[in-house]
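A.B. asks: Before I ask anything, here is the structure I am working with.
The values are calculated or read from the model by the stated rules, or taken from the named source; none is laboratory data. All of these numbers come straight from a predicted model, not from anything done at the bench. Cβ placement follows ideal geometry from the backbone for every residue including glycine, while neighbour counts extend to all protein chains displayed. All accessible areas refer to the heavy atoms of the entire protein, side chains included, with ligands and DNA or RNA removed. Shrake-Rupley method; radii C 1.70, N 1.55, O 1.52, S 1.80 Å.
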Amino acid sequence: MRSLLVSDPLTYLFSLDQFGIKFGLDNIETLVARLGHPERAFRSVHIAGTNGKGSVTAMVDAALRAAGHRTARYTSPHLVSITERFVIDGRPVTEEALAAAVSDVRDAIEGLRAEGALAVQPTFFEVATAAAFELFRRAGVEIAVLEVGLGGRLDATNVVSPDEVVATAITSIAFDHQRYLGSTLREIAFEKAGIIKRGVPLVLGPVEPEAKAAIEQVARERGADIVVASAGDCEGATIGLAGEHQRANAAVAVALLRVLDARGIRVPAQAVATGLAHPGWPGRLELRHLADGRDILLDAAHNPAGAAALASYLAADGAAPRPLVFAAMRDKDVAGMFAALLPAISHLVVTRASNARSADPDVLAREARSVAPALPIAIEPAIADALAVAWRASRRIVVAGSIFLLGDVIKLIDGS
């Protein structure tokens, strides 16, 4: 185990990756109590879902800002810089501000550990979440839009109280993270429904009947009204994020904003339109044109449902199939992603993201060959080489499979 005796707060924060994922609210409840409950200093909107929760978070945050509110946004993971996770008034916080917040959170942890009040070291996500709350309190934020990290019921963001939460939302339910959330849609839905707060309205996106029944059960038990998002709510609106699936996300955002407006947080129609049109959410069917005429489509699809949405977009594009540069984490349903994606591409180049959990490219290639034996497949562990191979096949390429891969690619093409 690496030592936690490091002086730099951000180095300390990243060192907590070694503790992996830990479900449960004991650590975060103890930690925010020691910090004086920063999460109670502002109102919150809490958003869960297998796919779409980040896009909805970005749309709602942008609309609230357009309405004149002082807002914050907490999302994960980040693409390039960790500061992307902590956004206040549309701008990521500075590294200096984040370091100061993390330093105070670390001091609180050390005190609690010395007293025996914390049985185990908090994880990266628990510390990041506590730091987010502290940053938002210091900035005098009026309302924060919080994206669940994983699941919902036992996610660190779920420490927020019904007294401060104005509305919750579940964008979608699909298979992902079954190791933690369960192997059926009902089990996964139950975990995500854990964010439902007593007496607080829930906005629900399109979900299968099995998932909807589980969510409705939890909502009834907690006296929470359900508002079902309707695609008609955003008919005719300009959606700044590409892909038909973003219309469903926009419908959830519109329904959420209407709930907020009804509960005293004013969001005029023009502000809603601005939020949908200009969410500021990169890596979601993001098309970048390079100076030499090549282009690259970046998409955060990292599970079968996301892969199906990307494949649908590529099919509707009408252009010739493109090569795909692909990496995925070891715990992902790669076969499910390949089943959706491989029929929509011309070549596959498998590589490895910089994240330690990235799957072996040889393993990915074997899985791909079992799904599409006739597809041209190349193995290039170095991302720069993978991009070069794809671009030799076409001047228009796709990158998908992992948000971590997208971050690595953005660093390369931006020269950072």
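A.B. asks: Among 77-83, 162-168, how do they line up from the highest to the lowest mean number of other beta-carbon atoms within 10 Å?
C.D. replies: Values: 77-83: 16.6, 162-168: 20.1.
Result, highest mean first: 162-168, 77-83.
A.B. asks: Taking only Cα atoms and a 10 Å spring cutoff, compute GNM fluctuations for the chain and point out the largest among A117, A193, A305.
C.D. replies: A117
A.B. asks: So, one more: For segment 341-416 and segment 84-113, what is the separation of their Cα centres, given in Å?
C.D. replies: First find each Cα centre; the distance between them is then 34 Å.
A.B. asks: Given 0.36 nm per residue, what is the gain on full extension from D163 to V228 after removing their alpha carbon distance, in nm? Mind dumping the intermediate values first?
C.D. replies: Working: separation 65, 0.36 × 65 = 23.40 nm, distance 2.27 nm.
Taking 0.36 nm per residue and subtracting the Cα distance, the gain is 21.1 nm.
A.B. asks: Around L118, which amide H atoms from residues at least 5 apart in sequence, or from another chain, sit under 5 Å from its own amide H, with H modelled in the peptide plane?
C.D. replies: R113
A.B. asks: Express the Stokes-Einstein translational diffusion coefficient of the chain in µm² s⁻¹, to the nearest whole number, given a Kirkwood radius over alpha-carbon pairs, 10 °C and a viscosity of 1.306 mPa s. Display every interim value, and only then the final one.
C.D. replies: Details: Rh = 21.9 Å.
Estimated via Stokes-Einstein, D reaches 72 µm²/s.
A.B. asks: While we're looking at this one, here's another question. For the pair T184 and V363, how long in nm is the line joining their label points, each one 7 Å along Cα→Cβ?
C.D. replies: Roughly 2.9 nm, to one decimal.
A.B. asks: Sorted by packing (mean other beta-carbon atoms within 10 Å per residue), highest first, where do 327-338, 227-238 land?
C.D. replies: Details: 327-338: 20.7, 227-238: 14.7.
Highest-to-lowest ranking by the protection proxy: 327-338, 227-238.
A.B. asks: Something else: Using only Cα atoms, find the angle between the long axis of helix 95-115 and the longest principal axis of the chain, and express it within 0 to 90 degrees, rounded to the nearest 10.
C.D. replies: Orientation of helix 95-115: about 60 degrees from the principal axis.
A.B. asks: Let me ask something additional. Please give the per residue accessible area of the chain, computed with a probe of 1.4 Å over protein heavy atoms only, in Å². Mind dumping the intermediate values first?
C.D. replies: On the way: 16410 Å² over 416 residues.
Using a 1.4 Å probe on heavy atoms only, each residue of the chain averages 39 Å².
A.B. asks: With a 1.4 Å probe and every protein chain kept in, tell me what percent of the accessible surface of the chain is carbon plus sulfur.
C.D. replies: On the way: 8390 of 16410 Å².
Whole-percent figure for carbon plus sulfur exposure: 51.
A.B. asks: Here is a further query. Given N residues in segment 165-219, what is its alpha carbon radius of gyration divided by 2.2 N^0.38 Å?
C.D. replies: Taking N as the residue count of segment 165-219, the ratio is 1.06.
A.B. asks: Could you grab the relative contact order for the chain? Cα pairs under 8 Å, six or more apart, rounded to a whole percent.
C.D. replies: Numbers: 871 pairs, mean separation 68.0, N = 416.
Answer for the chain is 16 percent.
A.B. asks: Which value, in debye to the nearest 20, describes the size of the charge dipole of the chain about its Cα centre when Lys and Arg Cβ atoms bear +1, Asp and Glu Cβ atoms bear -1, and nothing else is charged? Spell out each step's value before the answer.
C.D. replies: Details: 42 positive and 47 negative charges, 75 e Å.
That gives the chain a dipole magnitude of about 360 debye.
A.B. asks: While we're here: Roughly how many nanometres apart are two label points built 7 Å out from the Cα toward the Cβ at L10 and A262?
C.D. replies: For the pair L10/A262, the computed spacing is 4.3 nm.
A.B. asks: Just to be sure I understand: with springs between alpha-carbon atoms less than 10 Å apart, which residue in A128, A301, A393 has the highest mean-square fluctuation in the Gaussian network model of the chain?
C.D. replies: Of the options given, A393 has the highest mean-square fluctuation.
A.B. asks: Right, next: What percent antiparallel are the DSSP beta bridges of the chain, to the nearest 5?
C.D. replies: Details: 10 of 45 bridges.
In the chain, DSSP labels about 20 percent of beta bridges as antiparallel.
A.B. asks: Measuring from centroid to centroid over Cα atoms, what is the spacing of segment 37-69 and segment 268-328 in Å?
C.D. replies: 22
A.B. asks: List the lysines whose alpha-carbon lies under 30 Å from that of K212, not counting same-chain residues fewer than 8 positions away?
C.D. replies: Of all the lysines, those that pass the test against K212 - Cα under 30 Å, at least 8 places apart if same chain - are K22, K53, K192, K197, K332.
A.B. asks: What is the helix-to-structure angle for 304-317, meaning the angle in degrees between its Cα long axis and the longest Cα principal axis of the chain, kept from 0 to 90 and rounded to the nearest 10?
C.D. replies: So the helix axis and the longest Cα principal axis differ by about 50 degrees.
A.B. asks: Compute the helix-to-body angle for 361-371: its Cα long axis versus the longest principal axis of the chain, expressed 0 to 90° and rounded to tens.
C.D. replies: 70
A.B. asks: So for segment 285-411: antiparallel DSSP bridges make up what percent, rounded to the nearest 5? If you can, show how the numbers build up before the last one.
C.D. replies: Numbers: 5 of 20 bridges.
Restricted to segment 285-411, the bridges split so that about 25 percent are antiparallel.
A.B. asks: If packing is taken as the mean number of other Cβ atoms within 10 Å per residue, what is the order of 213-222, 348-357, 49-58, highest first? Spell out each step's value before the answer.
C.D. replies: Values: 213-222: 16.2, 348-357: 20.5, 49-58: 27.3.
Top to bottom by mean Cβ count within 10 Å: 49-58, 348-357, 213-222.
A.B. asks: Return a whole-number percent for the relative contact order of segment 235-362, with Cα pairs under 8 Å and 6 or more residues apart as the contact set.
C.D. replies: 20
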